[in-house]
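Everything below concerns the one structure shown next.
The values are calculated or read from the model by the stated rules, or taken from the named source; none is laboratory data. What you see is a predicted model; the values in this text were computed from it and never measured. Every residue, glycine as well, gets a Cβ built from its backbone with ideal geometry; the counts of neighbours run over all protein chains shown. SASA here: full protein model, heavy atoms, side chains in, ligands and nucleic acids out. Shrake-Rupley method; radii C 1.70, N 1.55, O 1.52, S 1.80 Å.
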Amino acid sequence: MNQQAIGRTHFDRIRHTLFFELGLLGTLVPISSLFMSQDKSTVGLVALALSVLAMLWNMAFNYAFYVYLIETQGHCQKSKRQRLNHALLFELGLILITIPILAWSLGLSLIDAFILDIGFVVYALFYAWGFNLAYDRMFPIPYSVQNSSF
């Protein structure tokens, strides 16, 4: 499959990831520091570490998921159920990784870290919706590519 068939170039995917993470950090840190007794620099460092961790987890999880799909069905096309499972398992894995880090780095109980992490996930969900809407308007995929069959 050529690059045009998948709609976005590798450069565009990297730009998307970097803008997404920078925007998320730029909005999440000030908002988080309003609700936490931690100073902004501590919250910022923890958020940056979690952002890098999330990107690494994303790459590792997606690789493993696609290997699983290839081994079990011979291709990477996902059904609606597989897409839902992919999203849920990704978030569950990320939460399991980040809760102990949040608890340790911010001096929170595991329950408080879980509640904080759920707040991050909910915020990131709404942020991702708005960010992707804006990104697609700023950097649209050409119409001819949008209508090509995958």
Starting at the first residue of region 21-29, write each ³J(HN,Hα) from the Karplus equation 6.51 cos²θ - 1.76 cosθ + 1.60 with θ = phi - 60°, in whole Hz, x for Gly and Pro.
5, 5, x, 5, 5, x, 9, 6, 4
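Do me a favour and compute the ellipsoid semi-axes for the chain from its Cα gyration tensor, root of five times each eigenvalue, largest one first, whole Å. If you can, show how the numbers build up before the last one.
Details: eigenvalues 198, 82, 29 Å².
So the three semi-axes of the chain are 31, 20, 12 Å.
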Under a GNM of the chain (C-alpha, springs under 10 Å), which listed residue has the highest mean-square fluctuation: Val67, Val121, Val46?
Val67
Largest-first ordering by accessible area, 1.4 Å probe, given options Glu21, Glu91:
Glu91, Glu21
I'd like the FRET efficiency for Arg81 and Leu34, computed as 1/(1 + (r/R0)^6) with the beta carbon distance as r and R0 of 41 Å, rounded to 0.05.
0.60
Rounded to whole Å², per residue accessible area for the chain with a 1.4 Å probe reads 68
Run the quick spin-label model on Leu53 and Asp112: label points 7 Å from Cα toward the beta carbon, then report their separation in nm to one decimal.
1.7
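Rank these residues by their accessible area, most exposed first, probe 1.4 Å: Leu48, Leu34, Leu69.
Details: Leu48 90, Leu34 140, Leu69 0 Å².
Solvent-accessible surface, decreasing: Leu34, Leu48, Leu69.
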Restricted to Cα positions, what overall size does region 77-137 have along the principal axes? Three whole-Å values, descending.
40, 27, 13
Ignoring ligands, DNA and RNA, what percent of the accessible area of the chain is carbon or sulfur (1.4 Å)?
71
For Phe19 and Tyr123 in one chain, what is 0.36 nm times their gap in residues minus the Cα-Cα distance, to one decimal in nm?
35.8 nm
Report, to the nearest 10°, how far helix 40-73 tilts away from the longest principal axis of the Cα atoms in the chain, using its own Cα long axis and a range of 0 to 90°.
40
Determine one quarter of the surface area of the Cα convex hull of region 54-111, which equals its mean projected area, and express it in nm² to one decimal.
4.6
Under a 10 Å cutoff between Cα atoms, tell me which one of Leu45, Leu53, Leu88 has the largest fluctuation in the Gaussian network model of the chain.
Leu88
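Heavy atoms only, 1.4 Å probe, whole protein assembly: order Trp129, Trp104, Trp57 by accessible area, highest first.
Per-residue accessible area, sorted high to low, gives Trp104, Trp129, Trp57.
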